[in-house]
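**Q** Here it is: the structure, laid out below.
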Amino acid sequence: MENKTSYLAAKIDGLDLTLQVIQRELTHIKNAKMDRINNADQRVLQGAYNLAKREVDCILQLDHEVYLLNKINSAIIVEREKLTL
């Protein structure tokens, strides 16, 4: 279970960095208002940001579920130990 939690944490960190990069690009586009950057480019970046954000949200949910499963597993182990006494 710890390996899965570590994997999820690493994936969250990577996606968080991706979100930061995309958000920085979106901010740059919005602030620059350059003619060469069109609305389609902005929509593509906004879509990429939204997709990455949803993936982070899903991973956070999975991370929480792993946490809950760990708690349930610990409780089961405690109850089994009580039964063997």
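**Q** Is it the case that the range 71-83 has a residue that's exposed (fewer than 15 other Cβ atoms within 10 Å of the Cβ) and either modelled with pLDDT under 80 or touching an Asp or Glu at 6+ places or on another chain (Cβ under 9 Å) (or both)?
**A** Taking the range 71-83 as the starting set, the residues that turn out to be exposed (fewer than 15 other Cβ atoms within 10 Å of the Cβ) are 71-83.
Keeping just the survivors that are either modelled with pLDDT under 80 or touching an Asp or Glu at 6+ places or on another chain (Cβ under 9 Å) (or both) gives none.
So far as the range 71-83 goes, no, none of its residues is exposed (fewer than 15 other Cβ atoms within 10 Å of the Cβ) and either modelled with pLDDT under 80 or touching an Asp or Glu at 6+ places or on another chain (Cβ under 9 Å) (or both).
**Q** Still on this structure, please answer the following. Write out, first by first residue and then by second, each pair whose Cβ atoms fall under 9 Å of each other, whose residues are 6+ apart or on separate chains, and whose first residue, in the range 1-24, is at pLDDT 70 or above and surrounded by 13 or more Cβ atoms within 10 Å (Cβ to Cβ) while the second is assigned to a helix (DSSP H, G or I) and of a type in the set (S, T, Y).
**A** As it stands, the answer is T18/Y49; L19/Y49; I22/Y49; Q23/Y49, since those pairs meet every condition given.
**Q** Of everything in the range 35-54 that's surrounded by 10 or more Cβ atoms within 10 Å (Cβ to Cβ) and not in a helix (DSSP H, G or I), which residue is modelled with the lowest pLDDT? Break it down stepwise before answering.
**A** Of the residues in the range 35-54, the ones surrounded by 10 or more Cβ atoms within 10 Å (Cβ to Cβ) are 37-38, 41-54.
With the extra rule that they be not in a helix (DSSP H, G or I), the set shrinks to 37-38.
Details: I37: 62, N38: 70.
Across the range 35-54, the extreme among qualifying residues is I37.
**Q** Give me the pairs, please: first residue somewhere in the range 54-71 and more than 10 Å from L15 (Cβ to Cβ), second residue anywhere and surrounded by fewer than 13 Cβ atoms within 10 Å (Cβ to Cβ), beta-carbon distance under 6 Å, and either six or more positions apart or on two chains.
**A** Hits for this filter: N70/M1.
The values are calculated or read from the model by the stated rules, or taken from the named source; none is laboratory data. Not measured: the values here are computed from a predicted model. Cβ sites come from the backbone with ideal geometry, for glycine too, and all protein chains shown count toward neighbours.
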